[in-house]
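Only one structure is covered here, and it is reproduced in the block below.
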Amino acid sequence: MSRQLLKLYITGRTRRAQEAVHNLRTLVETYGPEMYDLVVIDVLENPEQAEADKILATPTLLQTGPYGAVRVVGDFSESARVMQLLGLSTTTAYAAGAGWNASKSKNVDSAEGQDGDQG
Amino acid sequence: MAIKGSASGVEKVEVGFEGFDIISYGGIPERRVTLVAGTSGSAKTLFGAQFLAEGIKHGEHGVFVTFEESPEDMRANFRSMGWEITEWEHNGLWSFVDATPSTDQEIVLSSNFDLGGLLARIEHAVKKTGATRVSVDAIGAIFGTFGNISAVRGELLRMVTSLKRLGVTSVITAERDAEYGAIARFGVEEYVADNVIVLRNVLEDEKRRRTIEILKFRGTSHQKGEFPFSIVPGRGIVIIPLSALELRQSSSNVRISSGNQQIDAMCGGGFYRDSIVLVSGATGTGKTLMTTEFMAGGAKNGERCLLFAFEESREQLVRNAIGWGVDYNKWEDEGKLKVVCVYPEVASLEDHLIEIKDAVDAFNPQRVAVDSLSALERISTAKGFREFIISVTSFIKHREVAGLFTSTTPTLTGSSSVTETHISTLTDSIILLRYVEMYGEMRRGITVLKMRGSMHEKQIREFRIDASGMHIGKAFKNIAGILSGNPQHVSALEEERLKDMFADG
């Protein structure tokens, strides 16, 4: 199973940024270390990359999946919602990306098809 | 680029739009943020883009932060203005920060975010290009993307602070809901309220009229009120500063011929070289003939003459002129005359004004005639027309050329026109042409009503028109009430009696 890239854009070493990094890293490392690679990008150090990804708000989590990209803005303190969006479960690890696509109602059908392939 | 603001510590940056630097007394405040608010379609984006484009022409680089129109669209759309944005980007003079909404699914989990990404990108673009000008267009869009209005508002304040810290001069545009009402949506003006410019696109009597108003410049002065502007391909926003055209011209004592010796005599020796003459009369009284003689009189003396005709086609004009013994084509071939025929309805009044100014600048005439001003009246509102009259007379006076305008009165006998009401105080001379009904016969009368700085004849004379032009005859005797349109025969005895009365008094 291929691992997916999660890009987390933050601005500087502010408390908000550090909290967002901490929250997201904990969730990913606890429930889906084999599903995602989390990369933290500071827009102050890499403005060109922020420009390329058209980042406006920080923290923004950007995941480029097979069904288009999804951006999540916030500090990721709402664990349950973040886990749902990332398809993470406390018991079973779903196939990567399933949770993302399930949350996009228009892509539900194709998402299920993808699940079948990967499962 | 910065020039000293009037009697204050605020320096200004010349924006470079035609007319703007006049109404703003030298441009927008330097190193500050100016809010440009307007309804949809009021040329906000153009304002922002032109602010950068004019800067580039003067060696200042710019960053355009776009929330609404994609950079691809802007590059294509502004090519009609002659701005090669792609080339400027390639040369590092212009840089886009594309803040248009992405097609990605966007989920905002909480209000615990900032616009750090945007600010970092703007700062990076400014440093990369060495920009001194930044345009942000249009700020309202970001409220829709992130929903949380109070959080976004706080972030915009940070953006403004950050732009000031970068030391750039910025223009931020914001959408308004109505032409007259709250300055901008979402109350953004509270954060960038130091300097506010309002663009309007008002529908008045079924006619669109664009205006610009500088609402406030904190700590420095500017002209008050709305000024009309037009969008001209290749030039962008062209503002028409009305009162800004001050009467600073010197007065000349040199007389020029009206093209008709008898009229010259009535005026005490001809018109002054830098004066404006208004010829008023009903249709068919001989206004176009006077215009023709005025043009011919100039061309014969080797002066360059420019004629704007708004009532007749070129063919008609040339034919009429030949009927009076004047060959327009010959003068044009010799480069002494230029005839510009325009149908009033083809453009807005502002566009006509710009066209007149351009033609005068290009031809550099010593004489200008407009036949007739009244034809332009029907394409405008009363207010717009008044502004036009003021503007065109001020412009021509400013150039120190002789001008002759005609104005058509609405009724055949007597009366005055709106044109006269607006223009009479601006003109140096007024000549009235009137029909006079006498004993069941229509005759024509001419009188010089006003001749600034000179004596002139006070009589109302009869004139006739034939193949060689206008011929002034004797004064109407024993007739009263010609100008009011009610000519009445006065007996010779009555006249004698009145004369005696005034002589005694």
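The values are calculated or read from the model by the stated rules, or taken from the named source; none is laboratory data. Because the structure is predicted, anything quoted here is derived from the model rather than measured. All Cβ positions, even for glycine, are placed from backbone atoms using ideal geometry, and neighbour counts span all protein chains on display.
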Exercise for the section: Restrict the check to the range A:14-22 and report whether at least one residue is basic (K, R), more than 19 Å from B:L118 (Cβ to Cβ) and within 12 Å of chain B (Cβ to nearest Cβ). Expected result: yes
Handout entry: Among the residues listed as B:A299, B:A359, the single one being in a helix (DSSP H, G or I), over 27 Å from B:K207 (Cβ atoms) and out of contact with any Ser or Thr (no Cβ under 7 Å at 6 or more places or on another chain)
Key = B:A299
Practice task
Report yes if B:E350 is surrounded by 16 or more Cβ atoms within 10 Å (Cβ to Cβ) and over 23 Å from the mean Cα position of the chain (by Cα), otherwise no.
Solution key: no
Handout entry: Residue identified as crowded, with 22+ Cβ neighbours inside 10 Å, more than 11 Å from chain B (Cβ to nearest Cβ) and modelled with pLDDT under 90 among A:G116, A:G87
Key = A:G87
Practice task
Count, please, the residues in the range B:388-404 that happen to be in contact with a helix residue (DSSP H, G or I) (Cβ under 8 Å, 6 or more places away or on another chain) and among the acidic types (D, E).
Solution key: 0
Problem - Qualifying residue in the range B:85-98 (condition: of a type in the set (S, T, N, Q) and under 23 Å from A:F76 (Cα atoms)) - result: no
Exercise for the section: Identify the residue in the range B:328-356 that is in contact with a Ser or Thr (Cβ under 6 Å, 6 or more places away or on another chain) and among the charged types (D, E, K, R) and, among all such residues, is nearest to B:F388 (Cα to Cα). Expected result: B:E350
Exercise for the section: Return the only residue of A:L44, A:L61 being part of a loop (DSSP other than H, G, I, E, B), at pLDDT 90 or above and within 11 Å of chain B (Cβ to nearest Cβ). Expected result: A:L44
Exercise for the section: Answer yes or no as to whether B:S162 is surrounded by 22 or more Cβ atoms within 10 Å (Cβ to Cβ) and touching a residue at least 24 places away in the same chain (Cβ under 8 Å). Expected result: no
Exercise for the section: Filter the range B:424-443 down to the residues that are of a type outside the set (A, V, I, L, M) and surrounded by 20 or more Cβ atoms within 10 Å (Cβ to Cβ), then identify the one that is farthest from B:L373 (Cα to Cα). Expected result: B:Y435
